[in-house]
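Just below is one structure, and these are the notes that go with it.
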Amino acid sequence: MHKLVITGGTSLEGEITISGAKNSAVAIIPATLLVDGPCRIENIPKIKDVKMFLKILENIGAIIEYIDDSTVIIDTSSIDSYEARYDEASKIRASYYLMGALLGKFKNARVALPGGCDFGTRPIDQHIKAFESLGAKVDIEHGLITARANELNGSSFYMDVVSVGATINAMLAAVKAKGTTVIENAAKEPHVVDVANFLNNMGANIIGAGTDIIKIKGVDKLPGGTTYSIVPDQIEAGTFMIASAITNGDITVKNIIPKHLESLSAKLIEMGASVKENDDGDSLRVKIDKKLLAVNIKTQPYPGFPTDLQPQITALLSQVDGISIITEAVWDSRFQYIPELRRMGAQIRVEGRIAIVEGVERLTGAKIKATDLRAGAAMIVAGLGAEGITEVHDLEIIDRGYENVEEKFKQVGAKIERVRITEMDY
Ligand code: EPZ
């Protein structure tokens, strides 16, 4: 077990190259189940959730060749089992993608109900609605979800809520169904588009991804045999942009798609930061040369302000002069990390889905923990901005979604070390 030890107060400066998107990789890896030949996937992030997913596929018969740290060739053509192992699939939230992929491949799927971060209820009713619309019978028993169909027939359905997971799962189940499927009120996140692009690259026929209406014309085979590079992680990029802001720094995040970060860039500019897209069109420079102002944030599905950057920007606003109102409009409750910020002197009141932040002069270092993946990132951001030493525990949660987190922050000057935990820590 390890912890991060952070010495706050250093202005972060320099360039950081952003990795492939976690939330795209954990969908594209199971999506390879639908492909009838080898898929070469590049720009895969080196994170635990990806390692876990590759192991799940290997354990049901996929042949995976590890080309280098961020490139694999996956061939699932020899898989004959439609059941993922309970002990593995129940550990990560994204395991629900195995349902759509196995159903789309075998017309049969048996997967453990998903695990993952806990933001209150994490229902999958919209996933089930999509599968049933395509003709599947879905049952939940003994912690397992099973979906089976004699035939999958294209259909049209309207998502009651905008759901990234349900939109992607519906695409996976529909891509080889007979006829045309129309998903209305679809999620528009960059990783939804990335999965659609990957599937089309492998031979699928999907149009409209990135809008709220996605049309999928079923195909018999996805021949595969081509290469796909995963989209850059806008949440990792946003985390570094916010870290630049809290340390009055000057960071350039490289290998990104600036459009994916428009809502965050707009907020940082509203606060008084300088955010400039460089001529190469694939990087953003965040420079702070004046006192930042408090702002209000309301999380929304893409292209709105991403819920996955809500903890990080709340950490920033905790030491910005003035009152900021943060509304978490995507998840039931995603403020479990606030008590950890309070240990650092943050003045925050939570009322349901709203957090009222009264900025303090400076947070002070403390021993805190990661309550979930993005909250863990927020604790790092808070420690970088605070006065003194901060220890961030439960580091394995952060490693699920951030590649070599301390090494990357060191590249821009952060004083941060990964230290083994001893009995002295308890
Ligand atoms: C994905 O989760 C991401 N995870 C989450 O990121 C992210 O917070 C979320 O999308 C929103 O952007 C992955 O991609 C692996 P949703 P997902 O279905 O798909 C409700 C991270 O840190 N809903 O878009 O599970 C749901 O309760 C993680 O990388 C239903 O009501 O989220 C929520 O209120 C944390 N019924 C809202 O929709 C359903 O069937 C959005 O959920 C499904 C969802």
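The values are calculated or read from the model by the stated rules, or taken from the named source; none is laboratory data. Just so it is clear, the structure is predicted and the values come from calculations on it, not from any experiment. We place every Cβ from the backbone using ideal geometry, glycine too, and count neighbours over all the protein chains shown. The area values use the complete protein model at the heavy-atom level, side chains included, leaving out ligands, DNA and RNA. Shrake-Rupley method; radii C 1.70, N 1.55, O 1.52, S 1.80 Å.
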Taking only protein heavy atoms and a 1.4 Å probe, what accessible area per residue, in Å², does segment 280-426 have with all protein chains in place? 41 Å²
Surface share of carbon and sulfur [accessible, 1.4 angstrom probe, percent] for segment 22-229: 48 percent
Need one word for segment 22-229: rounded, prolate or oblate. Basis is the Cα gyration tensor (sqrt eigenvalues a ≥ b ≥ c); a/c below 1.5 gives rounded, then a/b vs b/c decides. rounded
In what sequence, highest mean first, do 382-392, 210-220, 363-373 appear when ranked by Cβ atoms within 10 angstrom? 382-392, 363-373, 210-220
Heavy-atom accessible area per residue - segment 22-229, 1.4 Å, Å²: 37 Å²
For K105, solvent-accessible area (1.4 Å; no DNA, RNA or ligand), Å²: 50 Å²
For every other residue with a beta carbon closer than 12 angstrom to the beta carbon of I79, add +1 if it is Lys or Arg and -1 if Asp or Glu, then tell me the sum. -4
Can you show me the helix-derived [θ] at 222 nm for the chain, built from DSSP H runs with n ≥ 4 at -39,500 (n - 2.57) apiece and divided by the number of residues, rounded to the nearest 500. -8500 deg cm²/dmol
Selected from E340, E13, E262 as most flexible by GNM, with the chain as the system and alpha-carbon contacts under 10 Å: E262
Around G14, with a cut-off of 13 angstrom between Cβ atoms, what is the net charge of the other residues, counting Lys and Arg +1 and Asp and Glu -1? +2
Taking Rh as the Kirkwood radius computed over C-alpha pairs, what is the Stokes-Einstein D of the chain at 25 °C in a medium of viscosity 0.890 mPa s, expressed in µm² per second? 112 µm²/s
Would you tell me the accessible area of K55, worked out with a 1.4 angstrom probe on the heavy atoms of the protein chains, in Å² to the nearest 10? 100 Å²
Could you work out the local net charge near V162, counting Lys and Arg as +1, Asp and Glu as -1, over the other residues with Cβ closer than 12 Å to its Cβ? -3
Give the distance, in whole Å, between the Cα centre of segment 45-77 and the Cα centre of segment 296-313. 31 Å
